[in-house]
Amino acid sequence: MSRVYNFSAGPSCLPEEVLKECAAEMLDYNGTGQSVMEMSHRSKAYEPIIQDAEAMIRKLMKVPDNYKVLFVQGGGSTQFAMVAQNLGIHTGKAAYIETGVWAKKAAAEAKKLGVEVDVIASSKDKNYSYIPKVEKISGDYDYAYICFNNTIMGTHYEYIPDTGKIPLVADISSCVLSEPLDVSKFGLLFAGAQKNLAPAGVTLVIIREDLIPEVENCRAGTPTMLAYKTHADNGSMYNTPPCYTIYVLDKVLHWIEKNGGAEGMLKRNKEKAEYLYNYLDGNEDNFYHATTEVGSRSLMNVPFLTKYSTGAEDEASKAKEKEINDKFVKEAAAAGLVNLKGHRLVGGMRASIYNAMTLDGVKALVDFMKKFAKENA
Ligand SMILES: *Cc1c(COP(=O)(O)O)cnc(C)c1O
């Protein structure tokens with residue numbers, strides 16, 4: 001068996017130790033004679049798993065007692081709607097900072113549900129290659145919304161906007177537990193699990209209790225399943241939760257704890273990201289360059305272009321650029337480095353180096369990049 005280095009933006013690589021544990025328990029979990037996949041979510045064997053997952057989130061993220069930790073379905077994308085339906089209920093107005101695709105989708109969904117959306121800042125002017133500085137947000141908003149790590153653009157907030165009494169909502173899908181985060185600065189945090197926490201299928205929501213409205217006080221027409229109250233009142237067991245995904249999540253959380261918790265992850269992630277950015281910034285003859293500005297760079301998602309991405313619009317230049325990018329992705333895959341194709345909105349390549357990616361994986365990537373640059377200079 002040979003495993004590849006997987007740079008996918010999501011679903012993405014999981015710690016090998018966790019996969020091995022899951023494999024060992026596949027047919028018989030803890031003497032039950034069943035797989036966790038086959039178990040009732042209300043069984044004696046399963047309930048401790050979801051309870052432990054919640055306890056581990058609380059411990060690793062130092063979640064204050066007046067916050068609920070929820071496990072819901074529908075991915076990060078369903079949160080775009082739930083946030084608006086549950087929080088946009090007093091003035092019906094919300095402030096959004098536009099930093100790329102995911103923030104735009106969230107704003108569009110809120111608008112669709114009748115929330116008055118103010119885009120108070122945007123980095124559209126430079127194709128979202130930086131995070132706008134918005135130190136202070138004020139106004140009669142029900143909430144302010146940011147996407148803390150922009151998976152596609154490769155940017156990340158290095159500050160938390162001060163919103164005073166306005167609840168701050170952050171999409172942390174692609175940076176959850178990659179670094180310590182002060183939960184008390186936020187009204188609501190959410191993360192689809194498939195980037196940094198687990199396989200796809202579960203979404204983590206951390207919400208301050210006083211922000212959870214009664215089901216009937218959500219925006220008109222909100223389905224029961226899309227009210228946070230429904231999940232908060234039922235320990236995330238109103239209906240069948242994604243049992244197996246939560247079981248893997250729990251194992252990943254223990255792996256994070258064993259590796260130093262959020263602080264340990266930050267140290268590990270900085271080491272990997274610095275190794276890659278240092279190469280991108282310093283490579284001979286500038287064969288590659290990072291697309292993001294210093295001061296806004298993600299530790300998780302690193303898009304980069306080659307010198308053949310000149311921005312020239314003529315057919316010959318575009319064809320040459322495509323040829324080099326395709327060649328890079330294909331040869332990298334043959335060398336065991338997979339899923340490096342960039343998102344079409346940025347072009348080039350993107351290396352997603354989430355918690356589970358090792359420094360060895362990043363070193364192997366940089367070694368390959370050096371070789372490729374020489375051969376295609
Ligand atoms: C992947 C991603 C999403 C969408 O998540 P789904 O679970 O596919 O709906 C939302 N926001 C960010 C920042 C993401 O990286």
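The values are calculated or read from the model by the stated rules, or taken from the named source; none is laboratory data. Owing to the predicted nature of the structure, the values given are computational and were not obtained by experimental measurement. Positions of Cβ are backbone-derived with ideal geometry, glycine not excepted, and every protein chain shown enters the neighbour counts. When the accessible area is computed, the model is the full protein with side chains, heavy atoms only, and any ligands, DNA or RNA have been set aside. Shrake-Rupley method; radii C 1.70, N 1.55, O 1.52, S 1.80 Å.
Quick notes on this one:
- Residues (more than 20 Å from Glu293 (Cβ to Cβ) and either surrounded by fewer than 21 Cβ atoms within 10 Å (Cβ to Cβ) or more than 21 Å from the chain's Cα centre (by Cα) (or both)) located in segment 121-160: Lys136, Ile137, Ser138, Gly139, Asp140, Tyr141, Asp142
- Elements of the type helices (runs of 4 or more DSSP H) sitting completely within segment 197-297 and holding at least 3 residues that are out of contact with any strand residue (DSSP E or B) (no Cβ under 9 Å at 6 or more places or on another chain) and surrounded by fewer than 19 Cβ atoms within 10 Å (Cβ to Cβ): these cover 243-258, 261-282.
- Any hit, segment 204-224, residues being within 12 Å of the ligand (Cβ to nearest atom) and either touching a helix residue (DSSP H, G or I) at 6+ places or on another chain (Cβ under 9 Å) or of a type in the set (S, T, N, Q) (or both): yes
- Only strands (runs of 3 or more DSSP E) whose full extent lies in segment 72-174 are considered here, and the ones with at least 1 residues that are more than 12 Å from the ligand (Cβ to nearest atom) and small (Gly, Ala, Ser) are 93-98, 116-122, 143-147.
- Some residue of segment 1-21 being within 16 Å of the ligand (Cβ to nearest atom), over 30 Å from Ala220 (Cα atoms) and open to solvent by 70 Å² or more (accessible area, probe 1.4 Å): yes
- Among the candidates Tyr128, Tyr143, residue that is aromatic (Phe, Trp, Tyr) and touching a Gly at 6+ places or on another chain (Cβ under 6 Å): Tyr128
So that you can scan it fast, the table gives a plain yes or no per residue for (1) in contact (Cβ under 8 Å) with a residue 40 or more places away in the chain; (2) under 17 Å from Met300 (Cα atoms):
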| position | (1), (2) |
| --- | --- |
| Lys341 | no, yes |
| Arg344 | no, no |
| Gly347 | yes, no |
| Ala351 | yes, yes |
| Gly361 | yes, yes |
| Lys374 | no, no |
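- Taking the criterion of being under 21 Å from Leu177 (Cβ atoms), of a type outside the set (Gly, Ala, Ser) and open to solvent by 10 Å² or more (accessible area, probe 1.4 Å), the residues of segment 72-90 that qualify are Gln73, Thr78.
- Of all residues making up segment 1-56, the number that are among the hydrophobic types (A, V, I, L, M, F, W, C), part of a loop (DSSP other than H, G, I, E, B) and in contact (Cβ under 8 Å) with a residue 24 or more places away in the chain: 6
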